[in-house]
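Working notes, beginning with the structure itself.
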Amino acid sequence: MNPIFSSLQTSVFEVMSRLARETGAVNLGQGFPDDPGPEDVRRKAADAVINGWNQYPPMMGLPELRQATAAHFRRWQGLELDPDSEIMVTSGATEAIAGALMALIAPGDEVVLFEPMYDAYVPLVLRAGGVPKFVTLTPPAFGLSEAALAQAFSAKTRVVLFNNPLNPTATIFSDSDLDLLAAFCVKHDAVALCDEVWEHVVFDGRRHVPMMSRPGMRGRTVKISSAGKIFSLTGWKVGLVMAAPSLMKVLSKAHQYITFTTPPNLQAAVAYGLGKDDAYFEGMRADFQRSRDRFAGGLRDLGYSVLPSVGTYFLNVDIAPLGESDDVAFCQRLVMESGVAAIPVSAFYAQGAVKTVVRFCFAKHDATLDAALERLAARKRAA
Ligand code: GLN
């Protein structure tokens with residue numbers, strides 16, 4: 001069997017969700033909202049299942065979805081994308097990342113990764129034959145530095161796999177960080193593979209800046225978006241890939257032999273949803289921001305050291321001030337003894353740099369958040 005996959009453990013999200021089910025814990029681990037998602041978008045999908053086309057859609061995605069994607073990112077991010085040659089629909093952002101790595105790197109090429117990073121990245125890079133080079137980001141800012149980039153880039157760098165806004169840190173890279181990274185990509189002739197799935201889930205009036213818009217990056221960026229994150233429907237697995245035609249030609253070859261197409265009914269519903277008015281997107285952000293504030297406030301009242309969260313469904317707690325030095329052991333105790341599931345952020349570090357940060361998902365109903373806070377309060381009383 002392939003040694004990369006046969007030596008992998010079950011993902012931390014699955015492990016914690018299973019433990020939460022078994023113990024009846026409040027699950028603030030795996031990132032998914034309590035809310036069922038926008039009903040009009042779900043009704044469009046249901047209608048398309050009953051009355052629409054259920055055979056293979058075009059390999060690149062429904063034309064109406066590619067047009068809606070171009071219009072959406074022109075409206076929200078000022079990008080000009082050609083729906084015919086620069087946009088492709090995949091079965092989720094993870095397929096898009098896996099396919100892009102297969103398509104862009106040859107064995108021995110180096111891939112720059114920023115830890116903490118989503119747990120799928122390293123196995124996918126390795127399986128594609130890439131050699132990971134890590135830039136380690138540390139709390140509380142999790143920002144870039146020229147020295148760290150200079151260490152990671154080399155003449156063999158082919159791809160930079162960059163997630164912004166960043167899961168699990170709930171941070172957004174500054175414009176100067178983006179420009180610094182862009183300069184390194186240009187200098188080393190590297191492609192930026194940009195996982196921007198959290199682009200709409202940003203708070204406090206922030207606006208997402210796509211890497212593709214930075215100087216020198218239009219022709220060397222692959223932008224990946226996710227309908228699951230845009231519409232809070234994480235099970236849908238509809239990914240959107242955007243790149244210049246020369247890149248897209250090769251990316252589409254990977255897609256055609258991985259999944260080939262993506263359910264047409266979901267594509268039709270996403271095409272409709274991308275056209276929803278600004279109020280929907282602003283409202284979604286405001287709702288999540290309110291949940292963030294409710295949960296962060298509750299944690300602070302209990303004495304937890306809460307790190308800033310400016311995007312994603314997550315906020316992090318630094319457990320070092322509690323005298324804790326092992327986030328995995330802490331999360332085990334939290335779920336078994338106190339009935340709250342969270343994610344140890346060390347699972348996102350390849351080299352063990354940080355072991356005292358714990359991630360909570362706040363994209364939940366008030367009752368769920370309050371139940372978790374009540375359990376944490378009981379834990380404190382018992383201590
Ligand atoms: N993106 C989700 C998270 O970060 C997890 C998805 C998964 O379970 N693989 O929590």
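The values are calculated or read from the model by the stated rules, or taken from the named source; none is laboratory data. None of these values were measured; they are calculated from a predicted model. Methodologically, a virtual Cβ is constructed for each residue, glycine included, from the backbone with ideal geometry; neighbour enumeration extends over all protein chains shown.
If you filter the stretch 96-117 down to residues that are out of contact with any strand residue (DSSP E or B) (no Cβ under 6 Å at 6 or more places or on another chain) and within 16 Å of the ligand (Cβ to nearest atom), you find that the one that is nearest to residue 142 (Cα to Cα) is 116.
Against the numbered list (1) surrounded by fewer than 23 Cβ atoms within 10 Å (Cβ to Cβ); (2) within 21 Å of the chain's Cα centre (by Cα); (3) of a type in the set (A, V, I, L, M, F, W, C), residue 244 comes up short only at (2). Scanning for something away from the ligand (no atom under 16 Å from the Cβ) and of a type in the set (A, V, I, L, M), does the stretch 337-347 turn up at least one residue? For the stretch 337-347, residues away from the ligand (no atom under 16 Å from the Cβ) and of a type in the set (A, V, I, L, M): absent. Against the definition (small (Gly, Ala, Ser), without any contact (Cβ under 8 Å) to a residue 24 or more places away in the chain and assigned to a helix (DSSP H, G or I)), how does residue 182 come out, yes or no? Considered against the rule, which asks whether it is small (Gly, Ala, Ser), without any contact (Cβ under 8 Å) to a residue 24 or more places away in the chain and assigned to a helix (DSSP H, G or I), residue 182 comes out as no.
Residues in the stretch 2-35 that are of a type in the set (S, T, N, Q) and more than 14 Å from the ligand (Cβ to nearest atom): 2, 6, 7, 23.
The residues in the stretch 227-250 that are within 13 Å of the ligand (Cβ to nearest atom) and assigned to a helix (DSSP H, G or I) can be counted, and the count is 2. Only a single criterion out of (1) farther than 23 Å from residue 138 by Cβ; (2) away from the ligand (no atom under 16 Å from the Cβ) is not satisfied by residue 291, namely (2). Among residues of the stretch 133-160 being more than 21 Å from residue 247 (Cβ to Cβ) and touching a residue at least 40 places away in the same chain (Cβ under 8 Å), the one that is farthest from the ligand (Cβ to nearest atom) is 154. May I ask you to verify whether residue 327 is free of Cβ contacts under 8 Å to residues at least 12 places away in the same chain and either away from the ligand (no atom under 16 Å from the Cβ) or not assigned by TED's automatic domain parsing to the domain that holds residue 203 (or both)? Taking the combined requirement at face value, the residue does not satisfy it.
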